[in-house]
Structures are given as structure tokens and as C-alpha cells.
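Here the structure comes first, spelled out in C-alpha cells, and everything after it is commentary.
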Amino acid sequence: MSAGSPSVITASELWLQKLSEPTSNPTDARPTRIRYVVLPLLAFAAASAYLTRHCLGVANTTMQEELGFNNEQFGYLYGAFSAGYLICQVPGGWLGQKFGTRTVMPVLSVVWSLCTIITAAVSSLGAMIVSRFVFGLAQAGLVPNGAKAVKDWFPVTFRGKASSIITMSMSIGSVITIWLTAHLLDDHGWREIFRTYSLVGIVWAVAFYFIFRTRPQEHRGANEAECKLIAAGEAEKSDATPEPFHWPTAVRQGATWALSGQLLFKAAGYNFYVTFFPAFLEYKYGITKTDAGMLTTWPLIGVIVGSLCGGAVIDGLYKRTNSKRISRCGTSVVALTMAGLFAVASTYTGTAAALVLVISIGAFFSGISIPCPWAASIDMGGKNSALVMGIMNSTGCLAGICISPFIGRLIDHIKATNGNWDIAVWVNAAFYILAALLWLGVNPNTQIGKRPDV
């Protein structure tokens, strides 16, 4: 193009330019809608994270055949991810508060994408363990920083829906990964698939950095009316500086332990569906691996639908009652209790399909409860919401590290002794009931980590 030729502006550049243009009247009573651009960005981040997280499990047997690993060694890879994920929950949230979610979230996405590329490039167990450990460190920051972005960009009456859309996107990412990887594996190989998946996170990071801003007040496309709409109902000070987090108070608060404990047991219940459930179906009913895998997707779909409905439920209850305790805690107590009861009821069915159908109804109820800890963490964390979310999610990681091996040993014992397979489902139901009971100790009106007045 010659120097005198007019510059060419692409459609995407025009769109981004329009988003960044200040409104002609910043005090216009009609709010802009930049927050609805932010929401799909956050949802896509969640889905793409699970794309790179669960592809390892789908490619498990193929990788073992090529690399000569056994299941115990593959367990070290899962454990490395869980350890990294656990360690960096709180630091990941702190980074978002210190440097802003606009900077931290893209950096984390690039790091976990590069780790996926490294996993696809190496062949030794040690190198893969290191890459998956760092991968877990990076992905640990997604949830607490996502929670902070929801708090910063959405009014309190919409946070439940926003949280449910993001958490639903995680489950959608899991289902897509299982289906897509299984179909691509034979023709393209696991290394090529991993490299391709990693590009998704890198592209998202670039788009997010250029479109997103940490606070709506910093976005030129968000007018004053939208900023006021987002801040409506908040009792916090208007400055963006996080209040000092008092760790001794947080440790002493029963709400901290209740909020964290409920996620531990709820995660244990969900992990059963994505880890040992296919094997359970094979052993109990003698069905093929393919049939067991297909049936395993039913509870995951139930979780997705329930998660989407959960946001509307808790926001609707809050609008009707003006009570965060009823909308967050009440919803969780009822939904998780129903999940446990349906799990128990499933053991009275006679076929694999019937059992999975009843369990999937329970999974739907468990999905309804998914947005509740997000919303409660935002409520109880205040300006330290990312930190509180990190504390809670750290405890949930223990389900993968500690409880999953326990379930594995239980299944091995039942198989070796020709015992009652229903015990595994009863234990899973107990996890959901325990989570429901712990929600009775959560009060969303209590701020975690706030220094008591002297």
C-alpha cells in the first residue's frame, strides 16, 4: 500500500474502537452494556481452561501405550496438577488484587497454554510432572480472579446468573473435551491435539487484554450510568483498594470453615462422576467401556443444566426475599440434600441406564448449587473476594488429593471381595448431605477476614 493510500480498518478493529469510544453523554440515564461483553469473555476462559485440563484424562490409555507409563505413574500427573492447583489458590487471588485481573488472567492463560505445549513435547515422566504442576499453579488463579471480575463488573442482583454461566461453561468445556478428544485422537494423535488446544488459551489472552478492564470505571465504553448500576446495593467504600485481610480473624471464623468444608464434600461428590463412575458401571453391570463412557456424560449434562438454572434461582430468591442467606444458603441446603437423596434412590433401580438417569436428576440439583459458593464468596469477601474464593477453592482441591484415592481403594475392595456396589453410591450421597449441612454454618452477611472493632 502506498503512503498516500487510505488505511484499511477491519471489522474487528471497528468493533473494538466502538467499545472504547466514550459515550456522548456520560451522565445519560441509559446504562451501556459493556458488562455483557465481559461475561462471554469470562465464560470462554473457563471453558478453554477445562479444554486443556481434561484432555489428559481422555488421552490416558493412548499416552500410556506410547510412553510406557502405568496407571500409578499417570496418577502422579494428576496429583502434580492438584498440588499446584492447591498451592496457588490464595496467591493467585492475591495477584489479581495486586496487579488487576486485566493483567493477571491473560498471563495465567498463556502460562497454562505453554505448559500444555511442553507436555506435548516431552516424553519423560519427570518433565511431564513438572509441566503439569506449573499448569496447576497457573489454572489455580482462574476461579478467584473470575470471582473478582464478576464482583467488579456485575450488580449484586445479577452475580448469581453471571456465576452460573461461568461455572456452566466449565462443565461445557469438560463435555466438549471428552467428546472432541475422543473423536480426534485416532487421526491426529495426542501431541497434536494438545498443541492445538493450547492455542485457544493464547488467542483468548490477547483478546481479553485488549477488550477487558479491571474495573468498569476504567473502560471508556462504560458510561457513568452502567458504573452506578453495577455498584447499586453495595455498602462498600467507592475506592478500589482492598481492605486489609486479617488472617487470625478468618481462621477463627466458623463461616470460613463452613464455606470451605462444603466445597470439599461437594467436590468429592462431583469427582466421583468424572473419575470412578465409568469403572463402577462396568463392574456393577458388566457393560462395555463405550457404554459406560456414554452413560457417564448424563450426570455431567445434568450439572450443566442445573448450573444454568441455579443462577436464576438464587437471583430470583434474592429479589423476592432480599435475603442473601435464603438465596445462597437455602438454595444449597435444599439442592445438595436432593442430590444426596436421588443418589440413594438410584441404588433401588435395576439397570445401568435407570441408575444413571436417577443419579443425573440428583446431579441436576447439585448443579443448581454451583453458583452459590461463588456468590457467597463475593458477598463474604467484599473487596477481598478473590482471596476468599481462593481459600474456599483450596479446600475443594483436597477432594482430588485425599478423597479420590479413598474412593479408589473402596472400589478395589468391593471388587476383590465381591461386595455390595451400592456402598460406593451411598458414600457419594453422604458427601452431598455433609455439604448441605455445612451450608447451615454459612452467613453471607458476615465478612470473612475483617478485623474486629477494638
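Per-structure values
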read-out	value
Residue check for Leu317: more than 18 Å from Ala376 (Cα to Cα) and surrounded by fewer than 22 Cβ atoms within 10 Å (Cβ to Cβ)	no
Selection within the range 132-153 - surrounded by 23 or more Cβ atoms within 10 Å (Cβ to Cβ) and of a type in the set (Phe, Trp, Tyr)	Phe135, Trp153
Qualifying residue in the range 56-64 (condition: on the phi < 0 side of the Ramachandran plot, modelled with pLDDT under 65 and not in a loop (DSSP other than H, G, I, E, B))	yes
Residue in the range 58-72 that is within 25 Å of Pro373 (Cβ to Cβ) and out of contact with any strand residue (DSSP E or B) (no Cβ under 7 Å at 6 or more places or on another chain) present	no
Check on Val175, assigned by TED's automatic domain parsing to the domain that holds Leu108, surrounded by fewer than 19 Cβ atoms within 10 Å (Cβ to Cβ) and over 26 Å from Gly367 (Cβ atoms)	no
The range 336-381 - residue that is within 19 Å of the chain's Cα centre (by Cα) and hydroxyl-bearing (Ser, Thr, Tyr) and, of those, farthest from Ser171 (Cα to Cα)	Ser377
Scan of the range 260-318 for residues that are in contact with a Pro (Cβ under 6 Å, 6 or more places away or on another chain) and under 23 Å from Ile411 (Cβ atoms), ordered by number	Tyr273, Ala292, Gly293, Thr296
Condition met for Thr249 (under 27 Å from Ala121 (Cβ atoms), out of contact with any Pro (no Cβ under 6 Å at 6 or more places or on another chain), polar (S, T, N, Q) and in a helix (DSSP H, G or I))	no
Among the candidates Val305, Val274, residue that is assigned by TED's automatic domain parsing to the domain that holds Ala335 and either within 24 Å of Leu95 (Cα to Cα) or modelled with pLDDT of 80 or more (or both)	Val305
Filter result (within 19 Å of Thr119 (Cα to Cα) and over 21 Å from the mean Cα position of the chain (by Cα)) within the range 188-221	His188, Gly189, Trp190, Arg191, Glu192, Ile193, Arg195, Thr196
Filtered residues of the range 102-131 (kept if in contact (Cβ under 8 Å) with a residue 24 or more places away in the chain, among the β-branched types (Val, Ile, Thr) and surrounded by fewer than 23 Cβ atoms within 10 Å (Cβ to Cβ))	Thr103, Val107, Val110, Val111, Ile117, Ile129, Val130
Set Phe154, Phe99: member being among the aromatic types (Phe, Trp, Tyr), out of contact with any Asp or Glu (no Cβ under 8 Å at 6 or more places or on another chain) and over 25 Å from Ser307 (Cβ atoms)	Phe99
Helices (runs of 4 or more DSSP H) fully within the range 344-416 counting 1 or more residues that are surrounded by fewer than 24 Cβ atoms within 10 Å (Cβ to Cβ) and in contact with an Asp or Glu (Cβ under 9 Å, 6 or more places away or on another chain)	352-368
Exclusive hit being among the hydroxyl-bearing types (Ser, Thr, Tyr), assigned to a helix (DSSP H, G or I) and out of contact with any Phe, Trp or Tyr (no Cβ under 6 Å at 6 or more places or on another chain), set Ser123, Ser131	Ser131
In the range 274-290, the residues that are surrounded by fewer than 22 Cβ atoms within 10 Å (Cβ to Cβ), of a type outside the set (A, V, I, L, M) and touching a residue at least 24 places away in the same chain (Cβ under 8 Å)	Thr275, Phe276, Tyr283, Lys284, Tyr285
Residue in the range 207-216 that is surrounded by fewer than 19 Cβ atoms within 10 Å (Cβ to Cβ) and either at pLDDT below 85 or in a loop (DSSP other than H, G, I, E, B) (or both) present	yes
Criterion: surrounded by 19 or more Cβ atoms within 10 Å (Cβ to Cβ) and out of contact with any Phe, Trp or Tyr (no Cβ under 7 Å at 6 or more places or on another chain) - qualifying residue of Leu295, Leu336, Leu300, Leu341	Leu295
Subset tally (residues that are over 30 Å from Ala435 (Cβ atoms), exposed (fewer than 15 other Cβ atoms within 10 Å of the Cβ), charged (D, E, K, R) and at pLDDT 70 or above) for the range 217-258	3
Where a residue in the range 254-270 is farther than 19 Å from Ser307 by Cβ and its partner, wherever it lies, is polar (S, T, N, Q) and not in a helix (DSSP H, G or I), with Cβ under 8 Å and at least six apart	Ala255/Asn443; Ala255/Thr446
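Listed here are the residues, each with its yes/no results for (1) closer than 21 Å to Glu282 by Cα; (2) of a type in the set (Phe, Trp, Tyr).
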residue	(1), (2)
Val344	yes, no
Ala375	no, no
Ile378	no, no
His413	yes, no
Phe431	no, yes
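The values are calculated or read from the model by the stated rules, or taken from the named source; none is laboratory data. Treat the numbers as computed from the prediction; the structure is a model and nothing was measured. Ideal geometry is used to build each Cβ from the backbone, glycine not excepted, and the neighbour counts take in all protein chains shown.
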